[in-house]
Amino acid sequence: MGGSAKPRRRRAAAPALRFERQPRRPQQGRTRSKRDAAFGCLAAFTAMSILIGLFLLDLFWGNDTWQWAAGSWPGGAYGFAGFLGFLGPSLLVVFGACAYGLGKKSLRRRPVRTAALTLTLAVSVAALVPYVVLVLNALDTGKWGKGEDTEPSWVSAHYPWLWALGLLATLLTITVFLAAATLHHRHRTRHTQQPKPAAAPLTHEELPQSPCP
């Protein structure tokens, strides 16, 4: 045959790669490092403020409070130590409950409740500072670490075993709170998993009757 074969089409050339310049993004690394540095400075300043506050409270308020409690509190210094043993775990429970409530509810949905929880949280944290001061003051026997011995606190010199009563009251309070939380959890679990009552079978009078005679 004299006919020629039909020429094939040439494949189109691959499009050239285009390198477009993208707008520069903000340098997230530097921003994050600045935030971390600011957070670290804030944490260090907060820690130093707490330590200075503890020192000043212990200097001007620790011994005077224990002396006042020994003469005016019901039960004297031992009664005040039992109260502190109950107060510490209670403040921690209030702090945890408020923090949990703030994590679940937003400010826009319930602003009044959120403000009340925030205020209670701040008060519980502020009350923990003098609580820690009084506990450390009761444990101050004048022999801290390996340094030189100093003069013991007033309460440690006059009531050397008072810390044991406070520790016992703390353990008892924690036990009561744990038992109450366990009972509450069991009650909620039992109430949630309780099967619904089955529907009673219909009697002959309650059965739907046909409209036809």
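The values are calculated or read from the model by the stated rules, or taken from the named source; none is laboratory data. Because the structure is a prediction, the values reported are computed rather than measured. As a convention, Cβ positions derive from the backbone with ideal geometry for all residues, glycine included, and neighbour counts pool all protein chains shown.
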Item to complete: Report whether or not residue 62 is in contact with a Gly (Cβ under 7 Å, 6 or more places away or on another chain), in a helix (DSSP H, G or I), at pLDDT 70 or above and within 14 Å of residue 131 (Cα to Cα).
Response: no
Item to complete: Quick one: count up the residues across region 144-181 that are within 22 Å of residue 77 (Cα to Cα) and either of a type in the set (Gly, Ala, Ser) or assigned to a loop (DSSP other than H, G, I, E, B) (or both).
Response: 11
